[in-house]
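These notes concern the structure reproduced below.
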Amino acid sequence: MNFGHLARYYHLLEVVFIGRGLLLARTAQLERLAQGRPNQHALMVGEGNGSFLLAFLEQFPEVRVTVNDLSPEMLEVARARLRDSGVDASRVEFIAGDIRDVERPANGYDLIATHFFFDNFDDAVAAEMVRIVESLSATEAQWLVSDFCMPEGGWRALRAKVWLSLLYGFFGRFAGLKTRQLPATESHLSAGRFIRTNRKTFCGGMLYSSRYEAVPARE
């Protein structure tokens, strides 16, 4: 898959398809995050055009941030977004490439953010990605996740099915996305050492935003 040639138009595409729902889901946990323990080094995976990054930097001016995305073009859009907003980007490291190639710092990342990342993969690859990202985290870490989900029954489920079919069809055609259905991301997250402490939904239950905390490894 390659989102690079869509980078300049990605924000517009988001607004056209979902309105402000994606941004609301990305930033929904920031207030709760601010009330918790301070973070030192955050990792943002699949950050895209920097909408969450900008909001995060404005609210947490002391946190170091590593931003990873497969697309160099997306990261350039994110850089430009910070420059245009006058936000200090000196504490941000941008890494273009596969998350498998990102090295774990000595103490791990104490904050992970994966927004609309896992929906790009089939279930087996999504499970692998969860394990890889988890391996980069600190012993005491928080993990923010937002993504699409399928509401339970009724017209909301039907609407979500139609929208997801349109979205997967569009990005399959124009970005080479191979998968056509959502992976069981939340199940994969729960299978590791993180537990969910908060969950909010948006757009009639089609989007969710969750906060996870690492629990001590069992002896």
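The values are calculated or read from the model by the stated rules, or taken from the named source; none is laboratory data. Predicted model only: the values in this text are computed from it and were never measured. Because the Cβ atoms are built from the backbone with ideal geometry, glycine has one as well, and the counts that use them run over all protein chains shown.
Collect the residues in the range 167-178 that are surrounded by fewer than 18 Cβ atoms within 10 Å (Cβ to Cβ) and outside any helix (DSSP H, G or I), keeping them in residue-number order. Outline the logic, then answer.
To start, the set of residues in the range 167-178 that are surrounded by fewer than 18 Cβ atoms within 10 Å (Cβ to Cβ) comprises 167, 169-170, 172-176, 178.
Matches in the range 167-178: 176, 178.
Residue by residue, here is whether (1) part of a strand (DSSP E or B); (2) in contact with a Gly (Cβ under 8 Å, 6 or more places away or on another chain); (3) more than 26 Å from residue 40 (Cβ to Cβ); (4) at pLDDT 90 or above holds:
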{"position": "156", "(1), (2), (3), (4)": "no, yes, yes, yes"}
{"position": "165", "(1), (2), (3), (4)": "no, no, yes, yes"}
{"position": "200", "(1), (2), (3), (4)": "yes, no, no, yes"}
{"position": "210", "(1), (2), (3), (4)": "yes, no, no, yes"}
{"position": "217", "(1), (2), (3), (4)": "no, no, no, no"}
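Just one of the numbered conditions (1) closer than 19 Å to residue 38 by Cα; (2) buried (at least 20 other Cβ atoms within 10 Å of the Cβ); (3) touching a Gly at 6+ places or on another chain (Cβ under 9 Å) is not true of residue 144; which one?
Of the numbered conditions (1) closer than 19 Å to residue 38 by Cα; (2) buried (at least 20 other Cβ atoms within 10 Å of the Cβ); (3) touching a Gly at 6+ places or on another chain (Cβ under 9 Å), the odd one out for residue 144 is (3).
Taking only the range 21-36 into account, find how many residues are touching a residue at least 40 places away in the same chain (Cβ under 8 Å), of a type in the set (D, E, K, R) and surrounded by fewer than 22 Cβ atoms within 10 Å (Cβ to Cβ).
1
When only residues in the range 83-95 that are hydrophobic (A, V, I, L, M, F, W, C) and more than 18 Å from the chain's Cα centre (by Cα) count, which is surrounded by the fewest Cβ atoms within 10 Å (Cβ to Cβ)?
Among those residues, the one meeting the criterion is 87.
Of everything in the range 46-82, what is free of Cβ contacts under 8 Å to residues at least 40 places away in the same chain and surrounded by fewer than 20 Cβ atoms within 10 Å (Cβ to Cβ)? Give them in sequence order.
Step one: list which residues in the range 46-82 are free of Cβ contacts under 8 Å to residues at least 40 places away in the same chain, which gives 50, 53-55, 57-62, 64-65, 67-69, 75, 78-82.
Those that are free of Cβ contacts under 8 Å to residues at least 40 places away in the same chain and surrounded by fewer than 20 Cβ atoms within 10 Å (Cβ to Cβ): 54, 55, 58, 59, 60, 61, 62, 64, 79, 80, 81, 82.
Can you tell me which of (1) out of contact with any Lys or Arg (no Cβ under 7 Å at 6 or more places or on another chain); (2) buried (at least 21 other Cβ atoms within 10 Å of the Cβ); (3) part of a helix (DSSP H, G or I) is the one residue 43 doesn't meet?
Every listed condition holds for residue 43 apart from (3).
For the range 83-100, give me each residue that is in contact with a strand residue (DSSP E or B) (Cβ under 8 Å, 6 or more places away or on another chain) and either in contact (Cβ under 8 Å) with a residue 60 or more places away in the chain or not small (Gly, Ala, Ser) (or both).
Initial filter on the range 83-100 (in contact with a strand residue (DSSP E or B) (Cβ under 8 Å, 6 or more places away or on another chain)): 91-97, 99.
Those that are in contact with a strand residue (DSSP E or B) (Cβ under 8 Å, 6 or more places away or on another chain) and either in contact (Cβ under 8 Å) with a residue 60 or more places away in the chain or not small (Gly, Ala, Ser) (or both): 91, 92, 93, 94, 95, 99.
Identify all residues within the range 123-153 that are more than 24 Å from residue 31 (Cβ to Cβ) and under 16 Å from the mean Cα position of the chain (by Cα); write none if there are none.
Step one: of the range 123-153, the residues more than 24 Å from residue 31 (Cβ to Cβ) are 123-132, 134-136, 139, 150-153.
125, 126, 127, 128, 129, 130, 131, 132, 134, 136, listed by residue number.
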